[in-house]
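One structure below.
Coordinate-derived values only; no laboratory data. Fair warning: this is a prediction, and the values are worked out from it, not measured in the lab. Here Cβ is always computed from backbone atoms with ideal geometry, including for glycine, and neighbour counts include all displayed protein chains.
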Amino acid sequence: MITKSTLRNPELAEEGWRKIQWVADKMDILNEILKEHQESQPLEGKRVAICLHLEAKTAYMAYVISQLGAEVAIAGSNPLSTQDDVAAGLAAHGIMVHSWYGSTPKEYKEHLNKVLNIEPDLIIDDGGDMVETLHKERKELLKNIIGGAEETTTGIHRLEAMESDGTLAFPMMAVNDAKCKSLFDNRYGTGQSVWDGIMRTTNLVVAGKTAVVAGYGWCGKGVAMRAKGLGARVVVTEIDPIKASEAWMDGFEVMPMREAAQKGDFFITVTGCKDVIDEEDLKVMKDGAILANAGHFDVEVSKPALNKLAVEVSEARKNIRKFELKDGRKLYLLADGRLVNLAAGDGHPAEIMDMTFALQLSSLLYLNHNQNLDAQVYNIPDDIDDMVAEYKLQSLGLEIDQLTEEQEAYINSWENEK
């Protein structure tokens, strides 16, 4: 049975809707797609279930999907990233919302199942929780699902594992791997929003300090680049020799985490793996070291190790937990080890998420138009990536060159004249 929205405080709706309207004016690509398709209502009669970080940009995408004809239900993908005013504002404008800030693991699962009660045709997931729930707990719904889209590196790794062992029951679009996502959202979005979250939470200067960035994928590149721009000395830790070489050639120090642990003032994990900072690393850190995570789950900084080493744990201020060790050193964990840019901030800038959410929406339209795809992970078609990039340039008022017919023939020939 479909229930109404599950909200912390419906009275926050007006404030939340103002936040949604603010970002809506900055999301030109989504608005262009809406303008192009609103009359034809391509998602009419379809039910869309979404599990994403529930803040203003996500809310506006959900609203746009509903304006293209779909019935939409949404849950937050992280207990600390849902903004209760935004959830209320979205619910007041026709979307079923089941989420609130600080949900317990039990409540989180209940919210996700309430979203799935709409019996979705299409899904959007972040990290794979919705896909896992469908395959393990709600198998009766699998037959209805046309397909879905996945937002994150972690989620795509999980999907590829499911495809490899033959358990994936429907097609999924790897939005994270699209060029207009990884090159912009992961690099510029993560780079800016992570430091927004850290600086807002700690109110400390970055210049002159040593920032240790664990992982040098596109997200790690963005975090390191912004740290450098803020005046930090940057150390990168890696397991991949190619990425480590990139970091070195980009001007950063490269060393193992055990060595970096002795030098860092700020630590930011951006890997998607667990125990990236473990007990032995924590034992050698400076007094006052600040630990933050920008990977998907709260397992990159070992919370069990922190609790084991601490003789006292307390809240230093909002979103900062202090761990006092036996020798008197104090280590500080931001946002309970969850995504610092969302749990302690507002997430990526609107103009960046405009590109990512345009890919998400375009993926749903693509899946709805191609309903006989095999159950596997698909890359975003190049024409969708190019469309988003072209809309982005239009929104910036920029033009680029085009090849002439002669140039086109030259570049595609193997018998070129010298």
Exercise for review: Which order do the peptides 361-372, 90-101 take when ranked by the mean count of other beta-carbon atoms within 10 Å per residue, highest first?
Suggested key: 90-101, 361-372
Check your understanding: Could you give the dipole magnitude of the chain about its Cα centre, charging the beta-carbon of Lys and Arg +1 and that of Asp and Glu -1, in debye to the nearest 20?
Key -> 2120 debye
Exercise for review: Using only the C-alpha atoms of the range 212-324, find the volume of their convex hull and express it per residue in Å³.
Suggested key: 100 Å³
Practice item. Check cross-link reach from K330 to the lysines: straight Cα distance under 18 Å, and skip same-chain residues fewer than eight apart. Key: K209, K263, K283, K286, K303, K308, K318, K322
Exercise for review: Enter the Cα centre distance for the pair the range 62-82 and the range 339-395, rounded to the nearest angstrom.
Suggested key: 15 Å
Point to revise | the range 1-101 - percent relative contact order, Cα under 8 Å, separation 6 or more | key: 41 percent
Review point. Does the chain classify as rounded, prolate or oblate by the C-alpha gyration tensor (a ≥ b ≥ c root eigenvalues; a/c under 1.5 gives rounded; else a/b over b/c gives prolate, otherwise oblate)?
Key: oblate
Exercise for review: For the range 131-164 and the range 167-200, compute the distance between their C-alpha centroids and round to whole Å.
Suggested key: 18 Å
Point to revise | Simple spin-label estimate for I239 and K35 in nanometres, 7 Å along Cα-Cβ | key: 4.6 nm
Review point. In the range 121-188, which GluC sites (Glu not before Pro) fall in coil by DSSP and have 13 or fewer other Cβ atoms within 10 Å?
Key: E137
Exercise for review: For the range 1-133, just the Cα set please: Rg and Dmax, both in angstrom.
Suggested key: 13.8, 41
Study note, to complete from the structure: For the range 189-343 the mean separation of alpha carbon contacts under 8 Å (6+ apart) over residue count, i.e. relative contact order in percent, is 22 percent
Study note, to complete from the structure: Expected sort for 47-60, 323-336 on mean C-beta neighbours within 10 Å, highest first, is 47-60, 323-336
Exercise for review: Tell me what the chain gives for mean residue ellipticity at 222 nm when only DSSP H runs of n ≥ 4 count, each as -39,500 (n - 2.57), the sum divided by the residue total, rounded to 500 deg cm²/dmol.
Suggested key: -12000 deg cm²/dmol
Review point. Relative contact order (percent) for the chain, with alpha-carbon contacts under 8 angstrom and 6 or more residues of separation?
Key: 16 percent
Review point. Mind ordering 404-412, 312-320 by average Cβ neighbours within 10 Å, highest first?
Key: 312-320, 404-412
Exercise for review: Any of K26/K106; K19/K392; K181/K243 with alpha carbons more than 29 Å apart? Name them for me.
Suggested key: K26/K106
